[in-house]
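Trainee: This structure is in structure tokens; I'll ask about it shortly.
The values are calculated or read from the model by the stated rules, or taken from the named source; none is laboratory data. It should be emphasised that the depicted structure is a prediction, and the values quoted were computed from it without experimental measurement. Every residue, glycine among them, receives a Cβ derived from its backbone with ideal geometry; neighbour counts consider all protein chains shown. Ligands, DNA and RNA are excluded from the accessible area calculation, which covers all protein heavy atoms including side chains. Shrake-Rupley method; radii C 1.70, N 1.55, O 1.52, S 1.80 Å.
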Amino acid sequence: MFQRNKNLSQEKILIVDDVETNRLVLEEIINGMGCIPILAESGEEALEVVAQTRPQLVLTDISMPGLDGYGLCKALKKKAETRDIPVIFISAYDDPMDIVEGLSLGGEDYITKPFIPEVVQARVGVHLHLHVAKRELLEINRRLQVSVSEQLQQMETEKKNILYALANIAAQNAAFEKEHMERLGKNCRILAQGMQLSPLFEDKISDTYIDTIELAAPLCDIGNIGIPTEIFRKTTELTQEEASTVRNHAAIGAKLLSDLHVSNDYNDFISTSIDIARYHHENYDGSGYPDGLSGAEIPLAAQIVAIAEAYCSLTGKQNMSREEALKAIGAEAGRKFNPDIYKICSKILRQLC
């Protein structure tokens with residue numbers, strides 16, 4: 001059963017469905033979370049409700065007379081004051097093309113009928129946590145603008161806690177262990193320290209840069225929060241549409257972090273996080289995604305994370321030894337990974353955790 005979370009109490013959830021039975025079922029499920037359900041039977045009515053009572057999340061059926069769920073999502077994402085409200089589509093169909101269409105319009109998730117209360121509550125809970133965390137970050141940014149010099153120091157711990165919370169939500173969505181993300185940050189720090197001692201990179205890597213990449217690295221796959229969980233849980237080969245949806249996590253993560261961009265010192269952290277989130281799947285020879293960058297075009301932080309993430313995955317989920325993982329990475333040096341960073345990685349292998 002879903003455990004009520006006092007941090008989510010009084011959060012307003014707008015339920016949009018032209019079928020009364022569906023509205024009532026979802027109303028009961030949302031009530032069970034301790035949240036406040038608001039009901040609308042059409043896309044047009046939903047827009048009126050949003051204008052009067054700003055909900056924290058929208059659950060909308062896709063197929064409705066008049067303004068359907070896709071149209072409602074477009075309307076919400078078009079306006080600055082409502083574009084950040086998470087939209088979860090509900091439908092009796094689970095065609096991957098429907099899922100891709102919804103995500104391409106800015107939707108955050110997709111739930112199929114008939115409703116399983118635990119699934120609905122888990123999905124809604126994840127996106128509410130994300131929305132609440134993002135709202136808190138935006139409030140932090142507002143206060144930083146008022147008094148940056150006074151706020152930066154006291155917000156440092158709070159900033160880290162919130163961002164790691166976001167990373168953990170994304171990791172859970174993709175079935176990653178929390179320990180994997182912690183190892184990734186530590187190994188990026190160790191690798192960056194090794195690179196700092198190399199003439200090839202000493203002018204690019206400062207002590208501050210090392211601190212920043214350790215904190216930013218676990219956010220590399222934060223965009224997974226926008227990918228339907230069932231795709232990650234598939235045991236068979238992904239379809240072309242599903243694979244395209246998964247690849248979109250890089251753009252989703254970068255967009256999420258871009259929305260948090262502020263000025264001064266905090267910007268260095270966010271800028272690095274954006275580079276990592278968007279470009280950590282680029283390949284050194286230009287064969288990666290999303291932009292097909294190659295060589296020095298790929299931000300250095302993303303190149304570091306790419307090698308460290310491969311090492312953590314090989315020695316973690318695939319249970320390889322250090323030496324086996326290094327050999328596997330070496331086979332891709334020059335194609336997938338920066339060969340100079342790989343050489344440094346091989347020298348500090350025993351220091352990696």
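The rows are residues; the columns are (1) under 27 Å from V246 (Cα atoms); (2) open to solvent by less than 60 Å² (accessible area, probe 1.4 Å); (3) of a type in the set (S, T, N, Q); (4) not in a helix (DSSP H, G or I).
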site: Q10; (1), (2), (3), (4): no, no, yes, yes
site: I30; (1), (2), (3), (4): no, yes, no, no
site: L39; (1), (2), (3), (4): no, yes, no, yes
site: E44; (1), (2), (3), (4): no, no, no, no
site: E48; (1), (2), (3), (4): no, no, no, no
site: R54; (1), (2), (3), (4): no, no, no, yes
site: A80; (1), (2), (3), (4): yes, no, no, yes
site: Y93; (1), (2), (3), (4): yes, no, no, yes
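Trainee: Among the listed residues V246, V262, which satisfies the condition of being at pLDDT below 90 and over 29 Å from P96 (Cα atoms)?
Mentor: Numbers: V246 fails: over 29 Å from P96 (Cα atoms).
Just a single option satisfies the conditions, and that option is V262.
Trainee: Among the residues of region 13-47, what is the count of those that are under 16 Å from A92 (Cα atoms) and in contact (Cβ under 8 Å) with a residue 40 or more places away in the chain? So that I can check it myself, show each step before the final result.
Mentor: Within region 13-47, the subset under 16 Å from A92 (Cα atoms) is 15-23, 25-26.
Cutting the leftovers down to in contact (Cβ under 8 Å) with a residue 40 or more places away in the chain gives us 15-19, 22, 25-26.
Matching residues across region 13-47 total 8.
Trainee: On the given criteria, is A243 part of a helix (DSSP H, G or I) and out of contact with any strand residue (DSSP E or B) (no Cβ under 7 Å at 6 or more places or on another chain)?
Mentor: Details: part of a helix (DSSP H, G or I): yes; out of contact with any strand residue (DSSP E or B) (no Cβ under 7 Å at 6 or more places or on another chain): yes.
Spelling it out, A243 is indeed part of a helix (DSSP H, G or I) and out of contact with any strand residue (DSSP E or B) (no Cβ under 7 Å at 6 or more places or on another chain).
Trainee: Determine, yes or no, whether Y311 is in contact (Cβ under 8 Å) with a residue 40 or more places away in the chain, in a helix (DSSP H, G or I) and under 22 Å from K186 (Cα atoms).
Mentor: On the way: in contact (Cβ under 8 Å) with a residue 40 or more places away in the chain: yes; in a helix (DSSP H, G or I): yes; under 22 Å from K186 (Cα atoms): yes.
Against the criterion (in contact (Cβ under 8 Å) with a residue 40 or more places away in the chain, in a helix (DSSP H, G or I) and under 22 Å from K186 (Cα atoms)), Y311 qualifies.
So that you can scan it fast, the table gives a plain yes or no per residue for (1) open to solvent by 30 Å² or more (accessible area, probe 1.4 Å); (2) on the phi > 0 side of the Ramachandran plot; (3) part of a helix (DSSP H, G or I); (4) in contact (Cβ under 8 Å) with a residue 12 or more places away in the chain:
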residue: D268; (1), (2), (3), (4): yes, no, yes, yes
residue: A277; (1), (2), (3), (4): no, no, yes, yes
residue: G286; (1), (2), (3), (4): no, yes, no, no
residue: Y289; (1), (2), (3), (4): yes, no, no, yes
residue: A302; (1), (2), (3), (4): no, no, yes, yes
residue: N319; (1), (2), (3), (4): yes, yes, no, no
residue: A325; (1), (2), (3), (4): no, no, yes, yes
residue: G330; (1), (2), (3), (4): no, no, yes, yes
residue: S346; (1), (2), (3), (4): yes, no, yes, yes
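Trainee: Quick check on region 291-300: of everything there that is among the aliphatic types (A, V, I, L, M) and part of a loop (DSSP other than H, G, I, E, B), which residue is surrounded by the fewest Cβ atoms within 10 Å (Cβ to Cβ)? So that I can check it myself, show each step before the final result.
Mentor: Applying the first criterion (among the aliphatic types (A, V, I, L, M)) to region 291-300 yields 293, 296, 298, 300.
Now restrict to residues that are part of a loop (DSSP other than H, G, I, E, B): 293, 298.
Working: L293: 18, I298: 21.
Going through the qualifying residues, I end up with L293.
Trainee: Of the conditions (1) touching a Pro at 6+ places or on another chain (Cβ under 6 Å); (2) assigned to a helix (DSSP H, G or I); (3) within 17 Å of G226 (Cα to Cα), L128 satisfies every one except a single condition; which number is it?
Mentor: Going through (1) touching a Pro at 6+ places or on another chain (Cβ under 6 Å); (2) assigned to a helix (DSSP H, G or I); (3) within 17 Å of G226 (Cα to Cα) one by one, L128 breaks only (1).
Trainee: Only one of (1) modelled with pLDDT of 70 or more; (2) among the charged types (D, E, K, R); (3) more than 20 Å from E282 (Cα to Cα) is not met by E150, so which one is it?
Mentor: Tallying (1) modelled with pLDDT of 70 or more; (2) among the charged types (D, E, K, R); (3) more than 20 Å from E282 (Cα to Cα), E150 fails exactly one: (1).
Trainee: Which one of these is at negative phi, in a helix (DSSP H, G or I) and modelled with pLDDT under 70: I169, I190? I'd like the intermediate steps shown before the answer.
Mentor: On the way: I190 fails: modelled with pLDDT under 70.
The match here is I169.
Trainee: From the set of residues in region 82-91 that are assigned to a loop (DSSP other than H, G, I, E, B) and in contact (Cβ under 8 Å) with a residue 24 or more places away in the chain, which is farthest from E230 (Cα to Cα)?
Mentor: So the first thing to find is which residues in region 82-91 are assigned to a loop (DSSP other than H, G, I, E, B), and the list is 82-86.
Remaining after also requiring in contact (Cβ under 8 Å) with a residue 24 or more places away in the chain: 82, 84-86.
Details: T82: 27, D84: 24, I85: 23, P86: 19 Å.
Among those residues, the one meeting the criterion is T82.
Trainee: Still on this structure, I have one more. If a residue has to be aliphatic (A, V, I, L, M) and open to solvent by less than 60 Å² (accessible area, probe 1.4 Å) to count, how many in region 194-211 make the cut?
Mentor: 3
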